[in-house]
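Notes follow once the structure below has been shown.
The values are calculated or read from the model by the stated rules, or taken from the named source; none is laboratory data. Keep in mind that what you see is a predicted model, and the values were worked out from it rather than measured. As a convention, Cβ positions derive from the backbone with ideal geometry for all residues, glycine included, and neighbour counts pool all protein chains shown. Accessible surface areas use protein heavy atoms only, side chains included; no ligands, DNA or RNA. Shrake-Rupley method; radii C 1.70, N 1.55, O 1.52, S 1.80 Å.
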Amino acid sequence: MGFLKKSGRLFNQLVNWLGKVFKKFIHNLINNLNKVWKQVETALIKAYGFVHGLYVIFYKGYETIMEVWDSKFRGKPSQVFTIKEAPQDSPLPTRENSKPMVLETTK
């Protein structure tokens, strides 16, 4: 199952947080993330195993960044992914101003 099917709630959280004005940006971001989701999913399973939910933040750096972590394991570092195909006109905040969201499994 692709990221887009799993991410309905995440998409809604992003739209509510950033506002409907940025809906097109968010939709493009999720679509681009969906293209590489299998690789991301594999890296997350390798890092955290099969867990019910992880926390995720999206923010802008030189490119759009997605950082994922499991709050139950403070000793494990977060997994950071650069989304190079994300739209360049990013309305995302910097890391300091970003808001964590929950990425839940559907199983």
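Kindly provide the set of residues from region 49-68 that are within 13 Å of the chain's Cα centre (by Cα) and open to solvent by 60 Å² or more (accessible area, probe 1.4 Å), ordered by number.
55, 60
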Here are some conditions: (1) in contact (Cβ under 8 Å) with a residue 60 or more places away in the chain; (2) outside any helix (DSSP H, G or I). Residue 51 meets all but one. Which one does it not meet? (1)
The residue from 23, 46 that alone is exposed (fewer than 11 other Cβ atoms within 10 Å of the Cβ), among the charged types (D, E, K, R) and not in a loop (DSSP other than H, G, I, E, B) is 46
Residue 40 being at pLDDT 85 or above, among the β-branched types (Val, Ile, Thr), open to solvent by less than 20 Å² (accessible area, probe 1.4 Å) and out of contact with any Leu (no Cβ under 6 Å at 6 or more places or on another chain): yes
